[in-house]
1. I'm trying to understand the selection: among the residues of region 239-290, which are more than 23 Å from VAL375 (Cβ to Cβ), touching a Ser or Thr at 6+ places or on another chain (Cβ under 7 Å) and not in a helix (DSSP H, G or I)?
2. Go through region 291-315 and give me each residue that's touching a residue at least 60 places away in the same chain (Cβ under 8 Å), within 13 Å of GLY216 (Cβ to Cβ) and part of a helix (DSSP H, G or I).
3. What are the pairs, 6+ residues apart or on separate chains, where a residue within region 374-397 that is under 24 Å from ALA327 (Cβ atoms) has its Cβ under 7 Å from a residue that is among the β-branched types (Val, Ile, Thr) and modelled with pLDDT of 90 or more?
4. Would you mention how many residues in region 50-83 are touching a residue at least 60 places away in the same chain (Cβ under 8 Å) and surrounded by 17 or more Cβ atoms within 10 Å (Cβ to Cβ)?
5. Does any residue of region 338-356 turn out to be assigned to a helix (DSSP H, G or I), modelled with pLDDT under 95 and either at negative phi or not aromatic (Phe, Trp, Tyr) (or both)?
6. Hey, among LEU296, LEU372, LEU359, which residue is surrounded by fewer than 17 Cβ atoms within 10 Å (Cβ to Cβ) and either more than 19 Å from the chain's Cα centre (by Cα) or of a type outside the set (Val, Ile, Thr) (or both)?
7. Quick one: is TRP231 in a helix (DSSP H, G or I) and within 17 Å of ASN8 (Cα to Cα)?
8. Looking at (1) aliphatic (A, V, I, L, M); (2) buried (at least 22 other Cβ atoms within 10 Å of the Cβ); (3) at pLDDT 85 or above, find the lone condition where ILE114 falls short.
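The values are calculated or read from the model by the stated rules, or taken from the named source; none is laboratory data. Just so it is clear, the structure is predicted and the values come from calculations on it, not from any experiment. Here the Cβ positions follow ideal geometry from the backbone for every residue, glycine too, while neighbour counts run over all protein chains shown.
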Amino acid sequence: MVIQKIENLVLPISQYIQNNKALIAIKDMFIKLTPGLVIYSLLVILTPLLSELIPFYQEIIILISAGINIIACLGVVYYYSRSLDLEFLPAMLISGSAYLIFMYPNYMVNQLIIAVLLAILATKLFQGLQLIRKKLEVKLPNTVIPPGVWGTILDLLLYVLLLLLFFLLYKFLAQTLAWAPAFGLGVLQQSLYLVGNNIVVFILLEGFGQLLWFFGIHGNTVISMIADPLWYSLSLENLQLGMQGMEPVFIITKQFKEVFLQMGGSGSTLPLVLLLLTSRSKRLQQFGFGVLPAGLFNINEPVIFGLPIVLNPLLFIPWLIATPICALISYLVMYFGLVQLTSGVFIPWITPVFLSGWLVSGVSGIILQLVLVIVSVLIYLPFFKRFEKKTLLEETE
């Protein structure tokens, strides 16, 4: 009864997020952008070596960094305009122009979040003006102006109108409020960073994601649609600080989530797989050996749907609390300087545990992962024993 009430509360929220075209566009963009970020991270890591061989290597990295923002902007426009049945080229021109206007003169600064927001805003405005265009086309004076020419004129007028709108907004912010829009947007981005780097917000999001998984919904996808712009931006900030020889400053990043809270997959199920391997139940033990290879590469759908965890009341509590507890532990040890903050280096999410910890936080990252595995085992253990007892009874029947 309680589970049914929770499901009735959670599912509408999940469905809204999953069906939101803007969030879907952002998610699709980041999926395509991630391989490029991995390559970019590798280039940053090689900076000390290659900068000695290539005199202008540092400038190349800076240009690539600036290019990430505009690529993200145009990527969101591509997917969002396609979902709205809009032509990509004019939508791209409008959004790209808006980005160039508002970011002036700070094109080299990491403005990933702002680039994404501008892409959504510009595309939505373009959609609204397209509706006006269609109404004007209905009144097309065929005997005076050829339809093709009239359509081109309308496109040009709408494009100029949108650019004028963005320019006037820019001038308003620059003169009336006496501050540069790029600076003001930077303030907005820093405010969003405070939200993204907040452990309470992070725990609430991850807890909601775990709840969605329990009802068979891909919680990681839903949460990523909301928070990825923030976590990717924080990762890039740490990466660029490292490139300048400075220490990272943000604790909660994309790597923080994937490396320390998804060991074995969403919900850090690798500790649960270890318990399966030592189970007295032959069925559970065989299942554990079967899912171990996938778990080592952070793929755990077989565990979630095969064990199952979905709608399993015996594993509901540890599944719900293990990730938030591990998140709090990870945050605190990084906050107090016991573990190195994530460097911002992007690595494939299938990177095995311990190797991933070393790549993003050095030896201290490996130690933290080991501690989190032990903590998760202890959280799961009493509940797993009840589940094991139930399974043993079923095997003897």
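1. Passing the criteria: PRO248, SER281.
2. Within region 291-315, ILE304, PHE305 qualify.
3. VAL375/ILE325; VAL375/ILE329; ILE379/ILE321; ILE379/ILE325; PHE383/ILE317
4. Counting residues in region 50-83 that are touching a residue at least 60 places away in the same chain (Cβ under 8 Å) and surrounded by 17 or more Cβ atoms within 10 Å (Cβ to Cβ) gives 3.
5. Yes, some residue in region 338-356 is assigned to a helix (DSSP H, G or I), modelled with pLDDT under 95 and either at negative phi or not aromatic (Phe, Trp, Tyr) (or both).
6. Of LEU296, LEU372, LEU359, the one residue that is surrounded by fewer than 17 Cβ atoms within 10 Å (Cβ to Cβ) and either more than 19 Å from the chain's Cα centre (by Cα) or of a type outside the set (Val, Ile, Thr) (or both) is LEU296.
7. When the stated conditions are applied, TRP231 does not pass them.
8. That leaves (3) as the condition not met.
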